[in-house]
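Chemist: The following block contains the structure, expressed as structure tokens.
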């Protein structure tokens, strides 16, 4: 949640009784409105920027339903399952991933990165029609 707070998408304050109130900022509300789980898409740029987006996760068995839902949604969005629990995508998608990670409440278990070189990259380029 701190990552969203740092982006000023949420505000939170601790009450005297020790509980925490979390509210969406105006920026957070706009971002939430922009994404709907059922209608989510990723806009494809005209030209690939040469970066690979990688999402990998180790979601515990206690959150199996969230793990399966995340896997199905990112496959639906066009991600390629490169290895078990490791998905690759060639276009900017961090906003959509942030939304999914927060929606399924799995932020501590998911990692995201952008890299410019992958061994055997030709296979991925063919998969995404980037040749």
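Chemist: Looking at (1) loosely packed, with under 12 Cβ neighbours inside 10 Å; (2) within 17 Å of residue 50 (Cα to Cα); (3) in contact with a strand residue (DSSP E or B) (Cβ under 9 Å, 6 or more places away or on another chain), which is the one condition that is false for residue 83?
Modeler: Condition not satisfied by residue 83: (2).
Chemist: Which residues, counting only those in region 92-105, are within 23 Å of residue 129 (Cα to Cα) and buried (at least 17 other Cβ atoms within 10 Å of the Cβ)?
Modeler: Of everything in region 92-105, those that are within 23 Å of residue 129 (Cα to Cα) and buried (at least 17 other Cβ atoms within 10 Å of the Cβ) turn out to be 93, 96, 97.
Chemist: With the requirement that a residue be more than 22 Å from residue 44 (Cβ to Cβ) and crowded, with 16+ Cβ neighbours inside 10 Å, what does region 64-80 give you?
Modeler: Just the residues of region 64-80 that are more than 22 Å from residue 44 (Cβ to Cβ), to begin with: 64-69.
If the condition is that a residue be more than 22 Å from residue 44 (Cβ to Cβ) and crowded, with 16+ Cβ neighbours inside 10 Å, then 66, 67, 69 are the ones that fit.
For (1) modelled with pLDDT of 90 or more; (2) part of a helix (DSSP H, G or I), each residue gets a yes or a no:
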position	(1), (2)
41	no, no
62	yes, yes
125	yes, yes
130	yes, no
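The values are calculated or read from the model by the stated rules, or taken from the named source; none is laboratory data. Here the structure is a predicted model, which is why all the values come from computation and not from measurement. Cβ atoms come from the backbone with ideal geometry, glycine included; neighbour counts cover every protein chain shown.
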